[in-house]
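Report on the following structure.
The values are calculated or read from the model by the stated rules, or taken from the named source; none is laboratory data. It should be emphasised that the depicted structure is a prediction, and the values quoted were computed from it without experimental measurement. Because the Cβ atoms are built from the backbone with ideal geometry, glycine has one as well, and the counts that use them run over all protein chains shown. Heavy atoms of the whole protein, side chains included, go into the accessibility calculation; ligands, DNA and RNA do not. Shrake-Rupley method; radii C 1.70, N 1.55, O 1.52, S 1.80 Å.
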Amino acid sequence: MQLYLQAQSLEQLAHITQIMAISSTSVPTVVDLHALLSQIDNPHLYYFTLSRDSPLVKEFTSLGLPIMLVNQDSKQLMTKYLVDNTNQSINGPINNVQNETLIKASFECSQLALFASGRQRFNGTIHTSNDHSLVYCSLKMKMHAPHISDCQIFLCDREPCLQSQQRKSLITQLRQYTHSISQDRHWCQFTTTNCLGHCSPGGTAMIHQHHSLALPPLKLRFIEHLSLPQWQSIIDALHLRRPLTDSIATSLINGAK
């Protein structure tokens, strides 16, 4: 998944709690998009989620709306959560000629919505319209825990990131270690989450360092290859308020050159 944050401050983006997934029954046009946007009270309250190859990407970019682009492999990962789903409903016009195309577009829309929202169950409604070819639905995003600790570590526990290592077992060991080095038992918070937006078969994590460092969150990859002593050295650096880039190999940092 690729996330574009445009014409928005991080503070504004932090208040967005909904995603809107969009697919189509035919090649979508700019006219289709504006017909859909005209039906939404405030488009800036959503992350719009599309397939990476959608023709609408360019128009969303020019409008300055936050968009998430999802590739085919990522969509396919969501299929198993939808196969047995019996609650999916379609709200809009349908006839026998449109049936196959609409079902395909609705399924893709469900995949996009699940992946971007970080959820494993689809409980939304697929919408269609006579005014345009777009198929769309909204889901509430699974939000990360609020910043109530000096430091936070998020670990993805959804495929493809989760391969072998049990996240809860690791977190238990790391919590024990953080308690052993500080009387403040809550100085570092650990949270499992469904998606961090940078999927990797080697496992991913996101670390918020102490706010006094004024550093952006650090995205890690290949975390299932880290030993317990290596994790402990990361905890030590957090406790001492040292920038993690000084103690973590570049190969483990997502986006590092």
Rounded to the nearest 0.05, FRET efficiency between Leu45 and Arg241 (Cβ-Cβ, R0 25 Å) equals 0.10
With a Förster distance of 51 angstrom and the Cβ-Cβ distance between Gln183 and Gln76, calculated FRET efficiency to the nearest 0.05 equals 0.60
With a 1.4 angstrom probe the carbon and sulfur portion of accessible area for region 105-241, in percent, totals 48 percent
Residues other than Val135 with Cβ under 11 Å of its Cβ, Lys/Arg counted +1 and Asp/Glu -1, net out at -1
